[in-house]
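J.: For reference, the structure I am asking about is given below.
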Amino acid sequence: MAATSAAKEQATRAVVVGAGIVGACCAYALRRAGFDVLLIEKDEPGRAASYGNAGSIGLASTPPLGMPGMLKGVPRMLLDPRHALIIRWKHLPRVLPWFLKFAQTLKPERVEAISHARAALLAHAGEAYDDLLAEIGRPELIYGNGLIAAFETDETFAKARYGMELRRRTGIALREMNAAELKAIEPALSDKVRKGIFFPDVRTTTNPLRLTEAIVAAFRARGGELAKETVLAFEGGDAGIGAVVTDRGRHPCDLVVIAAGAWSRRLVRDLGDAIPLAAERGYHIMIGEPQVLPKTPIVSGDRNVSITPMEGDLRMSTMAEFAEIDAPPDHERALRIFEGAADLIRDLEVKVASRWVGSRPSTPDSLPVIGRSPRVPNVLYAFGHGHLGVTFGAITGRLIAQLARHDQPNIDISPYRPDRDYAGGHLMHRLTGKAS
């Protein structure tokens, strides 16, 4: 595709660091816009957090990770060996500043503002994937069976009420259902399920790794380059960064996009930006060819476990573990949680075919970092998507391409800017008319 005049004038050579789903979408969008693009990945494309997630295109996920009143329950959560929240105590001093900002986001007015900021991006996420997958000829990689949030007790269902109302206020369609109504949608549910919520607009990828690989393949088919290298440093140039230095050599560039997930924190620190980004680890197991396979993805409201059919197998995913990226995994604890959630599916036997752990790049305010570096004008940031990396992949790529061309983004991206306070304060002017 011929380069646009804007791309020729503003930048010709772009380097995208990170080939997870977000980096892949950014690289493809930039190449489509006419840039010469080198995509650098230290491992294989899509093999980190993009590989192990639940596969959900979470178009109903407007509530943030932190909710009002949550702090009171944290001690109980941390002491419960079957709870999905874990903090490795050796890691606490490093992550404490992150949690202090996170605590500030729990005020009701900030939760409300963050939810609307997430909703503004989610409103474009599905359509961005429709366009992208139609263009690369792979629309079958995402399907739309909705999502069931299943509850075993009236108590946990009642606790979900605030989140339901918050979703409704941000325009999300949902239906409260009793057990019989849920089983009419998903016969694989067991008698453990008492109540639930059906989200009709949620979509799912058939396989998140194949989704990333398909986008990378389309990027390369357009003439994009892929290099398996580790970024070591950045060299200064006339417009900011003039070259990216790796373990294999030096790559001159006019534009750099940092989309390295949880590894982005170190890279942006080298550029002078201190962004609070935590490695929030998730776990999954694959159950090969289960006797009963649900057709609709399910989330356990009691146990924080996602249960997703994936190419004839079943993926169960859970955990919000705050630890070093390379800390030893705790697969046994994850398995205990999975075994409890397995009772939601009738006759499901937990025979583990494979297991995985990986790190989500999470910000305290549950908003991604999308925008230009405050210190280096030719560096764009595209990371921090937390639990919604797959969901926000295509729309983030589109926005990065618009910023690279110096076009006005088609949505307001100020809520996601890199120089915000990361505690929700930058959103308060939207509600009160002034920043707080």
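The values are calculated or read from the model by the stated rules, or taken from the named source; none is laboratory data. In this text, all values refer to a predicted model and were calculated from it rather than measured experimentally. Positions of Cβ are backbone-derived with ideal geometry, glycine not excepted, and every protein chain shown enters the neighbour counts.
J.: Mind listing whichever residues of region 227-236 are surrounded by 13 or more Cβ atoms within 10 Å (Cβ to Cβ) and either within 20 Å of Ile400 (Cβ to Cβ) or of a type in the set (A, V, I, L, M, F, W, C) (or both)?
T.: Matches in region 227-236: Ala227, Val231, Phe234.
J.: Here are Ala134, Ala158, Ala84: which of them is modelled with pLDDT of 95 or more and under 30 Å from Ala180 (Cα atoms)?
T.: After ruling out the rest, the residue left standing is Ala158.
J.: Which numbered condition trips up Arg203, out of (1) surrounded by fewer than 21 Cβ atoms within 10 Å (Cβ to Cβ); (2) closer than 30 Å to Arg168 by Cβ; (3) of a type outside the set (Phe, Trp, Tyr)?
T.: (1)
J.: Hey, another quick one. Tell me which residues, restricted to region 49-92, are surrounded by fewer than 16 Cβ atoms within 10 Å (Cβ to Cβ), in a helix (DSSP H, G or I) and small (Gly, Ala, Ser).
T.: Gly73 - this is the single residue of region 49-92 that is surrounded by fewer than 16 Cβ atoms within 10 Å (Cβ to Cβ), in a helix (DSSP H, G or I) and small (Gly, Ala, Ser).
J.: Which of the residues that make up region 385-406 are in contact (Cβ under 8 Å) with a residue 24 or more places away in the chain and out of contact with any helix residue (DSSP H, G or I) (no Cβ under 7 Å at 6 or more places or on another chain)?
T.: Within region 385-406, Gly386, His387, Leu388, Leu399, Leu403 meet the criteria.
Let's see how each residue does on (1) closer than 28 Å to Pro409 by Cα; (2) touching a residue at least 60 places away in the same chain (Cβ under 8 Å); (3) in a helix (DSSP H, G or I):
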| position | (1), (2), (3) |
| --- | --- |
| Phe99 | no, yes, yes |
| Arg110 | yes, yes, yes |
| Ala113 | yes, yes, yes |
| Ala117 | yes, yes, yes |
| His124 | yes, yes, yes |
| Ala128 | yes, yes, yes |
| Glu155 | no, no, yes |
| Glu165 | no, no, yes |
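J.: For region 299-320, indicate whether the set of residues that are touching a residue at least 24 places away in the same chain (Cβ under 8 Å) and closer than 30 Å to Arg405 by Cα is non-empty.
T.: For region 299-320, residues touching a residue at least 24 places away in the same chain (Cβ under 8 Å) and closer than 30 Å to Arg405 by Cα: absent.
J.: Name the residue that is farthest from Gly371 (Cα to Cα), counting only residues in region 237-260 that are of a type in the set (Asp, Glu) and touching a strand residue (DSSP E or B) at 6+ places or on another chain (Cβ under 8 Å).
T.: Only one residue fits best here, namely Asp247.
J.: Just to be sure I understand the filter: pairs with C-beta atoms under 8 Å, separated by 6 or more residues or on different chains, first member in region 407-430 and closer than 17 Å to Pro374 by Cα, second member buried (at least 18 other Cβ atoms within 10 Å of the Cβ) and of a type in the set (Ser, Thr, Tyr). Which pairs pass?
T.: Pro418/Ser373; Pro418/Tyr381; Tyr422/Thr363
J.: Also, quick follow-up: Any idea which of (1) without any contact (Cβ under 8 Å) to a residue 60 or more places away in the chain; (2) within 30 Å of Ala19 (Cβ to Cβ) is the one Met77 doesn't satisfy?
T.: (2)
J.: Exactly one condition in (1) assigned to a loop (DSSP other than H, G, I, E, B); (2) out of contact with any helix residue (DSSP H, G or I) (no Cβ under 9 Å at 6 or more places or on another chain) is false for Ala327; which is it?
T.: Here Ala327 clears every test but (2).
J.: A further question follows. Using the structure shown, decide if Ala327 is farther than 30 Å from Val37 by Cβ and surrounded by 24 or more Cβ atoms within 10 Å (Cβ to Cβ).
T.: So Ala327 does not fit the description; no.
J.: Determine whether Gly23 is within 30 Å of Phe199 (Cβ to Cβ) and part of a helix (DSSP H, G or I).
T.: Answer is yes for this residue.
J.: Okay, next question. Looking only at region 261-300, how many residues end up being surrounded by 14 or more Cβ atoms within 10 Å (Cβ to Cβ) and either more than 29 Å from Val369 (Cβ to Cβ) or not small (Gly, Ala, Ser) (or both)?
T.: Count: 25.
J.: Here's a follow-up. Do the conditions hold for Ile185, that is, is it farther than 15 Å from Val111 by Cβ and touching a helix residue (DSSP H, G or I) at 6+ places or on another chain (Cβ under 7 Å)?
T.: Considered against the rule, which asks whether it is farther than 15 Å from Val111 by Cβ and touching a helix residue (DSSP H, G or I) at 6+ places or on another chain (Cβ under 7 Å), Ile185 comes out as no.
Conditions tested, residue by residue: (1) in contact with a Cys (Cβ under 6 Å, 6 or more places away or on another chain); (2) buried (at least 19 other Cβ atoms within 10 Å of the Cβ); (3) of a type in the set (A, V, I, L, M).
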site: Tyr162; (1), (2), (3): no, no, no
site: Ala173; (1), (2), (3): no, no, yes
site: Glu186; (1), (2), (3): no, yes, no
site: Lys195; (1), (2), (3): no, yes, no
site: Arg220; (1), (2), (3): no, no, no
site: Glu225; (1), (2), (3): no, no, no
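J.: Against the condition among the β-branched types (Val, Ile, Thr), under 19 Å from the mean Cα position of the chain (by Cα) and part of a helix (DSSP H, G or I), how does Val95 come out, does it pass?
T.: Criteria not met by Val95.
J.: With the structure loaded, tell me whether Val357 is β-branched (Val, Ile, Thr), part of a loop (DSSP other than H, G, I, E, B), over 30 Å from Lys107 (Cα atoms) and modelled with pLDDT of 95 or more or whether it fails that test.
T.: So Val357 fails the test.
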